[in-house]
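One structure, as structure tokens, below. Some questions next.
Nothing in this text is a laboratory measurement; each read-out follows from the coordinates by a stated rule. Remember, it's a predicted structure, so these values are computed and weren't measured experimentally. Methodologically, a virtual Cβ is constructed for each residue, glycine included, from the backbone with ideal geometry; neighbour enumeration extends over all protein chains shown.
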Amino acid sequence: MRDLFNLDSKVAVVIGGNGYLGIEFCKTLLEYGAVVYCCDASIQESEETNAIKKKFPDKFKMIKTDATNKESLETLRNDILGTEKTVDILVNTATMKGNDFYLPFEEVSLEGWNIGILGNLTIPFLTIQTFIPLMKTQRKGSIINISSHYGIVGNDQRIYVGSNLHELYVKDSPNIEQVYSHGVYNASKGGIINFTRYLAAYYGEYNIRVNCISPGGIHYEDENETFVQKYSEKVPLARKARKAEINGALIFLASNASSYVTGHNLVVDGGFTIW
């Protein structure tokens with residue numbers, strides 16, 4: 001049974017790999033034996049990435065990539081194939097927020113809407129379109145898209161009253177009194193779930209599996225207690241997730257343990273969506 005989760009000799013590409021969740025995914029894939037390409041618009045090194053490089057000097061590669069640009073992605077693919085024979089695992093974990101992400105719905109801009117669609121739907125479209133011909137040729141592959149529990153349910157806007165999310169997650173956010181969650185997040189995260197099903201049906205005959213993970217709220221440092229408490233009251237397990245708690249779902253879907261699983265949305269939300 002342990003061999004089912006073994007990723008030795010597998011090559012993984014993580015889009016958005018230098019992000020909060022992305023770097024966690026990179027570490028976990030490495031721990032299970034994969035060669036990992038951490039692809040991001042920013043490859044600024046940190047204590048964490050330096051520690052990973054020291055532990056996995058021959059298996060961890062960081063490549064600056066503009067995942068919104070098809071030519072950049074094709075260059076990435078060709079560079080990887082200059083060293084590797086296959087790409088076995090593709091993880092889409094990039095996301096983008098416009099500056100007006102936390103404004104009331106009536107005040108958000110078309111530009112802000114389009115940024116959300118670009119980050120959560122268009123990037124997976126481009127990355128999958130880039131790597132799928134290779135997976136078709138090799139007749140194998142596991143694609144994992146990252147959605148959210150908010151791709152399944154709507155938001156209770158009351159939990160954002162008094163929160164500081166705009167200060168943490170939007171660099172140039174306007175000074176606002178009341179934080180609201182943007183509708184584009186729900187629309188795009190719901191879209192990626194069904195896009196996953198579409199792709200699973202389309203490419204099943206090539207032994208390519210396409211699945212989705214929908215995490216609930218993940219603990220971030222500096223979120224204020226007001227928001228964390230309100231959010232946690234809506235979760236049966238009564239807390240936010242630790243980012244490491246998404247790793248089990250990732251390894252299951254990346255490995256042969258899920259060899260007969262495709263088109264699935266694996267929800268890891270502490271029970272948030274059950275009531």
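Could you order the peptides 24-36, 169-181, 244-256 from most to least packed, using the average number of other C-beta atoms within 10 Å per residue?
Top to bottom by mean Cβ count within 10 Å: 24-36, 244-256, 169-181.
Size of the stretch 3-54 along its principal axes in angstrom, Cα-based, largest extent first?
Here the Cα extents, ordered largest to smallest, are 34, 21, 16 Å.
Residues with beta-carbon under 12 Å from that of I176, excluding I176: net charge, scoring Lys, Arg +1 and Asp, Glu -1?
-4
Can you tell me the length gained on complete extension of the stretch D58 to E177, counting 0.36 nm per residue apart and subtracting the Cα distance?
Answer, rounded to one decimal: 38.0 nm.
Using the C-alpha atoms of the stretch 119-271, what convex hull volume per residue, in cubic angstrom, is computed?
Hull volume over Cα atoms, normalised by residue count, gives 118 Å³.
Find the relative contact order for the stretch 114-240 and round it to a whole percent, using C-alpha pairs within less than 8 Å whose residues are 6+ positions apart.
Normalised by residue count, the contact order of the stretch 114-240 is 36 percent.
Follow-up. Which distance in nm do the two modelled labels at N224 and V161 give, with both placed 7 Å along the Cα-to-Cβ direction?
Here the modelled spin labels are 1.4 nm apart.
Bin all alpha-carbon pair distances of the stretch 19-82 at 10 Å intervals from 0 and give each bin's fraction as a whole percent.
Going from the shortest bin to the longest, the percentages are 21, 53, 26, 1.
Say R0 is 25 Å: what FRET efficiency, to the nearest 0.05, do N207 and N78 get from their beta-carbon distance?
The calculated FRET efficiency here is 0.60.
Taking K64 as the anchor, which lysines have their alpha carbon closer than 23 Å to its alpha carbon, excluding any fewer than eight residues away along the same chain?
K10, K27, K53, K54, K55, K85, K97, K171
A further question on this structure: Hey, with R₀ at 22 Å, roughly what FRET efficiency would I274 and R197 work out to, going by the Cβ-Cβ distance, to 0.05?
0.55
Using label points projected 7 Å from each Cα along Cα→Cβ, tell me how many nm separate E245 and S46, to one decimal.
Distance between the two pseudo-spin positions: 2.1 nm.
For the stretch 233-275, rounded, prolate or oblate, judged on the Cα gyration tensor with a ≥ b ≥ c (square roots of eigenvalues), a/c < 1.5 rounded, else prolate if a/b > b/c?
oblate
Moving on. With +1 on each Lys and Arg Cβ and -1 on each Asp and Glu Cβ, how big is the dipole of the chain about its Cα centre, in debye rounded to the nearest 20?
Using Cβ point charges on Lys, Arg, Asp and Glu, the chain gives about 1080 debye.
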